[in-house]
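K.L.:
Sharing a structure here in structure tokens format.
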Amino acid sequence: MDQEISRFKPLPALLVLLLLLPILVASVKIVQRFFPKAAEAPQLASVRIHPGEIVASPSGQPMYLSAQSFDSAGNPIPSDITYIWGISSTNSVGNLIPDPNNTKLATFIPRNIGYGDLWVKALGSSFTTIASIPLYIGVPKPEPSPTPGLLFGPIDWMSRTSWLKAEQFSIRYPDQNFIGKPDPNTTISINLSSPSTLEVAWTEKGESLKLSVFYHFDKERFINQVDKLTVTRGSSFNSFLPNWPAKAGYPYISEKDKLITVSSDTEPLISYRNLYWHPGIYPFTDLSPAQWSWKHVQKILPTSIMPPVFDGLFAPAQEIARSDMALFLVRTYEYITQKKAVAANTPFTDIGSLSPEIQDAVKKIYGLKITAGTSVTTYSPEIKVNRAQMATFLSNLYKAVTGDFAPEVPVPFTDIYNEDIKWAQKPIARIYGLKVTAGISPTEFGPYLITTREQMATFIMNFIEATSRVSIPPFPSPSPSPLPTTTTSPNPSPLPSPPSVTQTIQTFSQLANELVSPPPSTPSPSPNSLPPITIPPEASSAQANIFIQIINLIQNFFRQILGLPQ
């Protein structure tokens with residue numbers, strides 16, 4: 001029992017300590033409040049002298065100076081800093097007298113002509129710093145060095161037939177640097193009359209400058225080649241030879257973000273970064289460089305695939321008819337393959353009034369199996385071509401050029417799944433994969449919209465660039481296909497062989513699509529004739545006649561269903 005009591009003897013003392021602990025904490029806080037800890041002295045970081053310079057005559061007139069120290073936060077340090085003053089000069093320019101009662105203050109008395117420096121050293125408890133000011137006694141204060149001019153500047157110079165621009169540009173002489181920026185209240189003069197020279201004149205830093213780029217079109221190499229670049233500064237003249245070959249219709253673009261320097265025949269250098277040089281521009285009054293199709297139109301003009309409608313007019317919004325389409329696609333085929341397409345005989349009865357050139361183009365695209373017409377006997381040259389039809393034409397053109405259709409890829413378009421344009425889904429997927437078109441929006445192809453000239457130019461140039469990335473087989477030009485004829489010989493053998501039922505259904509299904517769409521890749525037969533039929537020699541005359549009658553009944557049945565002429 002005594003042992004149990006002895007175990008609990010320390011508890012009262014512990015309880016007393018726990019009760020006193022809050023009182024002790026509160027007492028400590030009260031003591032800290034009335035007797036705060038001394039703040040740490042600010043650390044010395046810098047010192048300044050006022051005034052910041054002395055420019056005076058050696059008159060003996062006293063000048064008063066003061067010093068101030070600052071901590072790392074830029075706050076003044078009011079005390080606990082000792083200042084030591086000093087002077088270094090030529091010809092003992094004057095006397096420096098520190099204030100014996102306050103080391104922050106000093107007096108300077110200028111006495112002799114010369115220059116020098118006046119300094120003060122600030123001494124803290126653990127750091128030291130120094131500052132100085134210049135002295136000019138009886139001598140002029142030197143002019144400040146001019147701020148160096150910009151090393152580079154952007155340029156954007158465009159005439160009627162050429163365009164030169166760069167993110168960074170400079171013409172560097174040993175004594176001066178020019179960046180193509182005219183002085184205030186002066187203008188840049190660009191010669192608009194020369195078809196093969198870009199000539200730019202301006203005034204910069206008070207000097208007259210002129211830059212000229214001379215170029216010519218090399219027909220054999222199909223490029224615009226720079227002959228020379230000249231820079232005139234006042235009466236001096238220098239020539240450069242930059243290597244800026246530009247394919248006809250295309251710009252020359254320097255290697256991205258690389259600084260390139262071209263030396264001249266003597267001293268100056270031309271330097272540039274991200275330069276764009278577009279020679280041989282065709283000037284249009286209805287198409288500006290700001291329009292999205294401008295670059296595609298400029299590319300197609302040298303190919304002669306789509307010439308302007310008039311001098312200076314391209315008519316970018318003009319709609320494309322099937323007659324125009326035939327011309328443009330044949331020219332595209334011949335431009336890519338570098339060989340003439342063969343004009344095939346056609347069953348079309350509505351092209352006789354067209355110009356010989358257009359008739360020839362229709363016969364060629366028929367022979368290339370790009371179209372089979374809008375019916376068995378009509379081409380409908382006046383009908384406008386919508387974007388779904390154009391996709392089919394281009395898909396068939398790709399096969400005519402390369403020997404096979406382009407691969408189909410998934411497309412983001414949501415407006416190509418109507419039943420009446422179901423036939424266009426595969427062609428659209430093919431030309432989308434070729435990057436011939438990206439649609440009219442991220443999710444729309446616009447299949448029912450009529451194709452315009454600027455869209456056609458864009459399609460064709462993208463198509464040409466797509467085919468340049470694939471190898472074109474050296475297959476021979478297609479030979480013209482003769483019109484199918486019906487054999488009327490009374491002899492039972494040989495008789496023309498009829499097409500199969502599957503072939504007949506396919507042929508007339510394709511013709512039905514052609515009424516609302518571009519043609520299929522195979523031409524349709526004449527409505528009043530059958531393909532040549534071969535009958536086995538063992539077949540009797542009666543068997544052959546019955547077989548031909550069955551085929552005629554099948555053809556007439558599908559004509560009635562599809563509403564085609566008998």
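K.L.:
What are the residues in the stretch 385-409 that are over 24 Å from Ala317 (Cβ atoms) and in a loop (DSSP other than H, G, I, E, B), if any? Give the steps one after another, and end with the answer.
P.N.:
First pass over the stretch 385-409, keeping only residues over 24 Å from Ala317 (Cβ atoms): 395-396, 398-409.
If the condition is that a residue be over 24 Å from Ala317 (Cβ atoms) and in a loop (DSSP other than H, G, I, E, B), then Gly403, Asp404, Phe405, Ala406, Pro407, Glu408, Val409 are the ones that fit.
K.L.:
Are any residues in the stretch 66-84 assigned to a strand (DSSP E or B) and surrounded by 12 or more Cβ atoms within 10 Å (Cβ to Cβ), and if so, which ones? Show your work before the answer.
P.N.:
Here is the first cut: in the stretch 66-84, the residues assigned to a strand (DSSP E or B) are 66-71, 76, 82-84.
Matches in the stretch 66-84: Ser66, Ala67, Gln68, Ser69, Phe70, Asp71, Thr82, Tyr83, Ile84.
K.L.:
Is it the case that Lys369 is charged (D, E, K, R) and closer than 13 Å to Ala326 by Cβ?
P.N.:
no
K.L.:
Also, quick follow-up: Only residues that are among the hydroxyl-bearing types (Ser, Thr, Tyr) and surrounded by fewer than 17 Cβ atoms within 10 Å (Cβ to Cβ): list them for the stretch 283-298, please.
P.N.:
Thr285, Ser288
K.L.:
Which of the residues spanning the stretch 319-351 are in a loop (DSSP other than H, G, I, E, B) and surrounded by 15 or more Cβ atoms within 10 Å (Cβ to Cβ)?
P.N.:
Of everything in the stretch 319-351, those that are in a loop (DSSP other than H, G, I, E, B) and surrounded by 15 or more Cβ atoms within 10 Å (Cβ to Cβ) turn out to be Ile320, Ala341, Val342, Ala343, Ala344, Thr346, Pro347, Phe348, Asp350, Ile351.
K.L.:
Taking the residues in the stretch 41-65 that are touching a residue at least 60 places away in the same chain (Cβ under 8 Å), among the small types (Gly, Ala, Ser) and touching a strand residue (DSSP E or B) at 6+ places or on another chain (Cβ under 8 Å) as candidates, determine which candidate is surrounded by the fewest Cβ atoms within 10 Å (Cβ to Cβ).
P.N.:
Gly52
K.L.:
While we're looking at this one, here's another question. In the stretch 352-384, how many are modelled with pLDDT of 95 or more, crowded, with 20+ Cβ neighbours inside 10 Å and part of a loop (DSSP other than H, G, I, E, B)?
P.N.:
Total satisfying the criteria: 4.
K.L.:
Where in the stretch 201-281 are there strands (runs of 3 or more DSSP E), lying fully within it, with 3 or more residues that are surrounded by fewer than 17 Cβ atoms within 10 Å (Cβ to Cβ), small (Gly, Ala, Ser) and in contact with a helix residue (DSSP H, G or I) (Cβ under 6 Å, 6 or more places away or on another chain)?
P.N.:
No strands (runs of 3 or more DSSP E) qualify here.
K.L.:
Only one of (1) at pLDDT 90 or above; (2) more than 30 Å from Lys299 (Cα to Cα); (3) among the small types (Gly, Ala, Ser) fails for Ser126. Which number is that?
P.N.:
The failed condition is (1).
The values are calculated or read from the model by the stated rules, or taken from the named source; none is laboratory data. Quick caveat: nothing in here was measured; it's all calculated off a predicted structure. Cβ sites come from the backbone with ideal geometry, for glycine too, and all protein chains shown count toward neighbours.
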